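Rule-based calculations on the coordinates, nothing more; no lab input. In this text the structure is predicted, and so the values were computed from the model without any measurement. All Cβ positions, even for glycine, are placed from backbone atoms using ideal geometry, and neighbour counts span all protein chains on display.
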Amino acid sequence: MQAGPKKPMSLSNTLGAMGVVIIALSLPAGWYLVYSKNLERSSAAAAAETLEVVDSALHMVEAVARERGPSNAAMGTREAALDRTALDTARERSDRALAHARQAASTLRDPSLRDSTQAALSALQAHLSQTRQRMDDHLGKATALREATLPNQLIQEMFVAADMASQLSRGLAVGTNSVSDHHQSLRTLVTRATIAAALRDYAGRMGSVVSMALIRGTPLTAEEQRMLSRIHGRSEEMRRHLDLNILLSTDAATQQALARVDQRFFKDGLNYVERTQQVAPVSASAFAERYVPMIEPIVDLRNQYMRTARDAAATSLERSQQAQIGWTLLSLAQNLLVLTLLWMVKRRVLKPLSQAAESLRRITSTPAGEEEDNSKSTSADQDEVSRLTELVGSLVEQSQARLQLEARQEKQLLELRTLVGVDPLTGLENRRSVELRAKALLAEGKRHGFEVCALVLDVDHFKLVNDRYGHPVGDEALRTLASVLQLSLRCEDISGRVGGEEFMVLLGYCPLNHALDKAEMLRRRVELRPIHIKGLDEPLFITVSVGVASTNAHGHQWDSLTSAADRALYQAKREGRNRVVADDASNSAAGALSSDSLVSPPN
């Protein structure tokens, strides 16, 4: 039996189908707008939360730095007159700040950043506990039985604790930037607050060095004078950065806070430290009574930066919430408008057209008694309308699929770019990423005339470690070395794994003698860092050889600088390993600069 022709789709059904398609297209667009505003709100909320984490870390840095003052006083007091009240209070303040930082870190959304922060806090707590125990053992002895050099060693350990706290705060400031990619002003304010916190720590260190000499009743030693010189130089670098900020800042309160720091610390405070070394010495307590108020404006400056950042984050969050609500209402209103228009079209247009079409159909219908001509069937029209509807639906599906595919491709591309720049074993940058960043730093150093030093580190006898213990242990040794670099370097330093067991570090604004000190510190920390191996009773220890080269001798060229550092590394290997060696040209250049400075000292 031959099937009859298909019934043509009515105009009402056709326009109704078109309305459905319009709704189907408008809903994803409206949802995408609302979703994007929700992402902005989440980003603003995350930025506000992470500001609290960074603020707690900065307070922790200050508390650890403040603990040095009572520690200095306690070690300079005879056992009969020792009053531990101030020391115990300072330790309790440090412990509370550490606990608050740990609690704040537990709220971080990034699991890897949260875990690394907790691990760094645990390491800092362990270091503080060990240093405090040694100090308590020292204070428990009679004055005549105390080791003369131990107080200086303990103060150095307190400096290490402050370095660990500062490194942690800088790491948090960098790590939490990922949640505020659209908040450049917040990142800038957090960076300035971190610099201010570091400046407060350096100012406290300067006071600690002078206080120890006053407690002993002797002039500063040569090593203490060198330490003061390094601290002063680093403080001046921070001052130049903050002076630039005062030109860029439009906030009156921040400008006033910067001006107070410049007057009270960089002028009054440094002059007072200089006078204390030249005239008849005062007591440590009298020195602290005058010096400490001179560095307090630095804390006020840090608080001003964080207060401004929190206000900006709160404003951003409020605006993003309002935008999210507004776009949600706009999307709902848009869909409601579409439905209303469809209803009006159906009532005021489609229904009259349908009635007119029916009237025309009756007028043009086949006269009574004649057979219907199937050759004039409108099935073709029916097929075209159905096909148009199918094509529109297919287009919607393909558009959605394409959007999903593009989103997946963009995500995979981002992951690929991330993987290309990161060594998967150690989490440090790989050779390509190090070279790209190092060339940018060298170019900046060439423009602004500052010295850059390259350190090349190589694990000694690494093949023996792999052969004796297996490659998993060798991998753990490399991760241990990477952990030492991450915890010991400044946030602006560049570090990465550039070979099998070879690592590289680039230090900007760093003279050769400071780079050698940093290299020796890294070598010593690696040497003392135990690697616990499952199945072995004793931990494994590794050593590294380090080659150092400076741009003062080789220019700001990547190839020449790294080649010189490699040659110095090979020399360290030849001389017996587990040592730091600078290449001859860098040593000669540093010696020439030192001679010049002795002939014509700067004003």
Model label zone, Ile533; criterion: amide N under 17 Å from point 7 Å along Cα-to-beta-carbon; scope segment 428-459: 459
Calc'd 3J(HN,Hα), segment 97-104, phi into Karplus 6.51 cos²θ - 1.76 cosθ + 1.60 (θ = phi - 60°), Hz, glycine/Pro = x, comes to 5, 5, 5, 5, 5, 5, 5, 5
Going 7 Å from the Cα of Thr188 along its beta-carbon direction, which residues of segment 227-243 have the amide nitrogen within less than 17 Å of the resulting point? 241-243
With a 10 Å radius around each residue's Cβ, average the other Cβ atoms per peptide and rank 568-581, 499-512, 60-73, 229-242, highest first. 60-73, 499-512, 568-581, 229-242
For the pair Gln255 and Arg432, how long in nm is the line joining their label points, each one 7 Å along Cα→Cβ? 4.7
Taking R0 as 60 Å and r as the Cβ-Cβ distance between Arg479 and Leu332, the FRET efficiency 1/(1 + (r/R0)^6), rounded to the nearest 0.05, comes to 0.70
Residues meeting the amide H criterion for Gly496 (H placed from the backbone, H to H distance under 5 Å, 5 or more places apart or on another chain) are Met504
Using a Förster distance of 45 angstrom, determine the FRET efficiency expected from the C-beta separation of Ser36 and Arg96, and round it to 0.05. 0.65
Sort 298-304, 438-444, 107-113, 92-98 for me by packing, meaning the mean count of neighbouring Cβ atoms within 10 Å per residue, highest on top. 298-304, 92-98, 438-444, 107-113
Sorted largest first, the C-alpha extents of segment 34-324 along its principal axes in whole angstrom are 74, 38, 28
Unsatisfied cross-links (Cα-Cα over 30 Å) in the set Lys518/Lys573; Lys141/Lys267; Lys463/Lys518: Lys141/Lys267
Full extension from Leu403 to Asp517: what is 0.36 nm times the residue separation minus their Cα-Cα distance, to one decimal in nm? 35.6 nm
Give me the extension gain from Arg524 to Thr143: residue separation times 0.36 nm, minus the current Cα-Cα distance, reported in nm with one decimal. 134.0 nm
DSSP bridge orientation in segment 431-599 - percent antiparallel, rounded to nearest 5: 85
By the mean-Cβ-within-10 Å protection proxy, highest first, 208-217, 46-55 rank as 46-55, 208-217
For segment 431-599, what is the Kirkwood hydrodynamic radius in Å, using each pair of distinct C-alpha atoms? 16.4
Along segment 258-275, Karplus-curve 3J(HN,Hα) (6.51, -1.76, 1.60; θ = phi - 60°) to the nearest Hz, with x for Gly and Pro, reads 5, 5, 5, 4, 4, 6, 6, 9, 5, 9, 5, x, 5, 5, 5, 4, 5, 5
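What is the extension gain from Arg114 to Lys439, computed as 0.36 nm multiplied by their sequence separation minus the C-alpha to C-alpha distance, in nm to one decimal? Please report the intermediate quantities before stating the final value.
Numbers: separation 325, 0.36 × 325 = 117.00 nm, distance 3.14 nm.
Full-extension gain reported as 113.9 nm.
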